[in-house]
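Below is one structure, written out as structure tokens; comments come after it.
The values are calculated or read from the model by the stated rules, or taken from the named source; none is laboratory data. If you're wondering where the values come from, they're calculated on a predicted model, not measured in any experiment. Cβ coordinates were reconstructed from backbone atoms using ideal geometry, including for glycine residues, and neighbour counts include every protein chain displayed.
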Number of protein chains: 2
Amino acid sequence: MQSNFEKLIGTPAEWLVNGEQSGDIVLSSRVRLARNLEGKKFTHSSTSKNLKEIRDAVKDAVLDTDYLKKALPIDMDDISESERMVLAERRLISQEMVMHYKDRSLVASEDEQLGVMINEEDHMRLYAIGAGLMLEDVGRILSSLDDQVSGRLNYAFSPRFGYLTACPTNVGTGMRVSSLLHLPGLVHNNDIRKVVDGMRHVRLSVRGTYGEGSEVIGNFFQISNSITLGLSEEETIRNMEGQIGKVVEFEKRARDKLIKEARTLLEDKVSRSLGILRSARLIDSKEAMKLLSDVRMGVGMGLISEVKMNVLNELLITIQPMHLQMTNLEVLDPEQRDIARADHLRSVLK
Amino acid sequence: MQSNFEKLIGTPAEWLVNGEQSGDIVLSSRVRLARNLEGKKFTHSSTSKNLKEIRDAVKDAVLDTDYLKKALPIDMDDISESERMVLAERRLISQEMVMHYKDRSLVASEDEQLGVMINEEDHMRLYAIGAGLMLEDVGRILSSLDDQVSGRLNYAFSPRFGYLTACPTNVGTGMRVSSLLHLPGLVHNNDIRKVVDGMRHVRLSVRGTYGEGSEVIGNFFQISNSITLGLSEEETIRNMEGQIGKVVEFEKRARDKLIKEARTLLEDKVSRSLGILRSARLIDSKEAMKLLSDVRMGVGMGLISEVKMNVLNELLITIQPMHLQMTNLEVLDPEQRDIARADHLRSVLK
């Protein structure tokens, strides 16, 4: 019988598959809520016994909701480190949870739209992800889930501060809103610096694909709110949606300008990038991301139609080291991984 | 009706088509003889009237031989400059003859194995070309042709110096022997400098594809004898054949070493180069030569089999500017030419 891990990994994430309809510039909208149980110590100061109690209580509560009753609970102590790394590559758990896995769990819907990390930094991190720019929809669903869970558990809450969280930056709504954007046009015309500075000015943070401190590769940017105090959930989401809408406009204008001024050069670049992805025998992750970025832009701009956007989106996940490792029995060294990555790309893109 | 020019251009050269059997390292063997008519001034000091008389006499004589009775005579004054450039790209006439075309002619066999340039630097430049390393065979055929022509015309000959030629470096046998070699292995392992120095030490000259002063592109080298005095025709040819045989050995060893030490890297490079040639929308001549060189090496080493050597050989000729221009009605600017080159490569290699 398939384990919950295998079931989860065997189904592509909804936000990657549906990426086609919802435009190519915003890959995903993600909202998460940090919640803790009343009268319990925060995760980092709890005993293993307490953590287990918390985990059981949270699992029972979330699996009892309408949204997650068919969800797949996975205890991090039951799976291997490389399996945890696969979950992190799919953005279902944090990097932190790969290393600190004892008494931690994930409960996620098979289509990866909804999930709860249990005993990460907070007792609960509830999250929802959708394809494209749809923070309001995603926020609404998550808010309903949160309501149902809160009917089953007592949250640590202060009338003065709001939800109490392990890290003070999350106190208040406990909400973080983020979107993953693909901005090759702005990188290409060198306006990205201005846009990033503008985001920071309105207190949004801009990072690489994998959160804090991660490098920007393949022109994928993660934009998120950096404060959770003083604004309501609705205001935070509306504000983000507006700001991201502006970035999308800038990116579109950059692409229009590019295509007007250098269509042939652009077609050449996009077509060569696809040609290399289809023929390389050895390719590292960074180069593959860069080339996929070119091809994604080409598809988004209508310059090529032979590849589907959702295929490219899924590749962003499946070319990662642990996903490549998964289908191999023996442990791959970096060169073998680069070969496996090239094999995977050729077979998917041919 | 097809003109002689069209007939000649419409048939691929035998030395390119047959390149498969004869190995991939030596592309061609070429021998040429410089001959002048007795009692006539050299080309550069002749009047137009005299040049026309010489041309008529030489044409009559060579078209009367067994070898060239079906050959195609083309008067350079009858064709356009771009048509002359096409002939030069096919190595049927010299660059010099593109510019100084008045009263000059070419008589060449349709398969481009034998030809006579008339009123170039010398009254006659007879040449023969074959695929692979076969200087002795090529020399034998050319010598028979020369015998037949000399039965019909009186050559300027001195018992002391041999054949008299316009340029003193050709006095003696009037013979130049050359081979076009593809040496990516030696370039790759940095031994090419040593090999070139070795060749120069035994008084062979090493140049790029298009003769004196031309740059080496795509690792194609032209090796030729630089002295014609003091050695018999047979000695010259035997000597060259021996020297080139040694270079071929060095190149083979370099390739063996490469494949032993870096097979995957090499496969990756070759496969990517083919991928780029198959996908570029814009490509300049230098880059195309470089990539074709990689793919040629890959085919020669058995790393890929999806492309035939003769297809690659023909591309070396047909991606040149005037060949690309030929199929277009309007004059191409450099960017349009790079587009036409990419289109041609994609359609031939797909």
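Residue check: is B:Val171 closer than 29 Å to A:Leu282 by Cβ and either out of contact with any helix residue (DSSP H, G or I) (no Cβ under 6 Å at 6 or more places or on another chain) or touching a residue at least 12 places away in the same chain (Cβ under 8 Å) (or both)? Even if it seems obvious, please write down each step before you answer.
Values: closer than 29 Å to A:Leu282 by Cβ: no; either out of contact with any helix residue (DSSP H, G or I) (no Cβ under 6 Å at 6 or more places or on another chain) or touching a residue at least 12 places away in the same chain (Cβ under 8 Å) (or both): yes.
It is false that B:Val171 is closer than 29 Å to A:Leu282 by Cβ and either out of contact with any helix residue (DSSP H, G or I) (no Cβ under 6 Å at 6 or more places or on another chain) or touching a residue at least 12 places away in the same chain (Cβ under 8 Å) (or both).
Give the residues of the range A:295-326 that are part of a loop (DSSP other than H, G, I, E, B) and over 15 Å from A:Pro12 (Cβ atoms), sorted by residue number. Give the derivation first.
Of the range A:295-326, the ones part of a loop (DSSP other than H, G, I, E, B) are A:301-308, A:319-320.
Correct list: A:Met301, A:Gly302, A:Leu303, A:Ile304, A:Ser305, A:Glu306, A:Val307.
Show the residue pairs meeting these rules: Cβ distance below 6 Å; 6+ apart or different chains; first residue within the range A:333-344 and free of Cβ contacts under 8 Å to residues at least 40 places away in the same chain; second residue part of a helix (DSSP H, G or I).
Matching pairs, first to second residue: A:Arg337/A:Pro321; A:Arg337/A:Leu324; A:Ala340/A:Leu324.
Of all helices (runs of 4 or more DSSP H) completely enclosed by the range A:177-294, which ones contain at least 2 residues that are within 14 Å of another protein chain (Cβ to nearest Cβ), among the hydroxyl-bearing types (Ser, Thr, Tyr) and buried (at least 17 other Cβ atoms within 10 Å of the Cβ)? Explain how you work it out, then say what you get.
Details: elements: A:184-188, A:192-201, A:233-277.
Here the list reads A:233-277.
Out of the residues in the range A:14-47 meeting the condition of being at pLDDT below 90 and under 19 Å from A:Val107 (Cβ atoms), tell me which one is surrounded by the most Cβ atoms within 10 Å (Cβ to Cβ). Reasoning before the result, please.
Within the range A:14-47, the subset at pLDDT below 90 is A:14-24.
Pick out the ones that are also under 19 Å from A:Val107 (Cβ atoms) and you get A:14-15.
Working: A:Glu14: 18, A:Trp15: 25.
For the range A:14-47, the residue satisfying everything is A:Trp15.
If you go through the range A:152-171 one residue at a time, do you hit one that is assigned by TED's automatic domain parsing to the domain that holds A:Lys49, crowded, with 22+ Cβ neighbours inside 10 Å and at pLDDT 95 or above?
no
Given the criteria among the basic types (Lys, Arg) and under 24 Å from B:Leu16 (Cβ atoms), does B:Arg176 qualify? Show your work before the answer.
Working: among the basic types (Lys, Arg): yes; under 24 Å from B:Leu16 (Cβ atoms): yes.
Yes.
Look at the range A:26-54 and say how many of its residues are assigned to a helix (DSSP H, G or I) and among the small types (Gly, Ala, Ser).
2
Can B:Asn50 be described as surrounded by fewer than 22 Cβ atoms within 10 Å (Cβ to Cβ) and in contact (Cβ under 8 Å) with a residue 40 or more places away in the chain? Can you show your working first?
On the way: surrounded by fewer than 22 Cβ atoms within 10 Å (Cβ to Cβ): yes; in contact (Cβ under 8 Å) with a residue 40 or more places away in the chain: no.
Criteria not met by B:Asn50.
Let me spell it out: the conditions are (1) buried (at least 22 other Cβ atoms within 10 Å of the Cβ); (2) within 14 Å of chain B (Cβ to nearest Cβ), and A:Leu315 meets all of them except one. Which number is the exception?
(2)
Return the residue satisfying two criteria in turn: it lies in the range B:55-75 and is touching a strand residue (DSSP E or B) at 6+ places or on another chain (Cβ under 6 Å) and in a helix (DSSP H, G or I), and of such residues it is surrounded by the fewest Cβ atoms within 10 Å (Cβ to Cβ).
Result: B:Lys59.
Give B:Leu37, B:Leu27, B:Leu63 a once-over and let me know the one that is closer than 18 Å to B:Gly174 by Cβ, not hydroxyl-bearing (Ser, Thr, Tyr) and not assigned by TED's automatic domain parsing to the domain that holds B:His323.
Values: B:Leu27 fails: closer than 18 Å to B:Gly174 by Cβ; B:Leu63 fails: closer than 18 Å to B:Gly174 by Cβ.
From the options B:Leu37, B:Leu27, B:Leu63, the qualifying one is B:Leu37.
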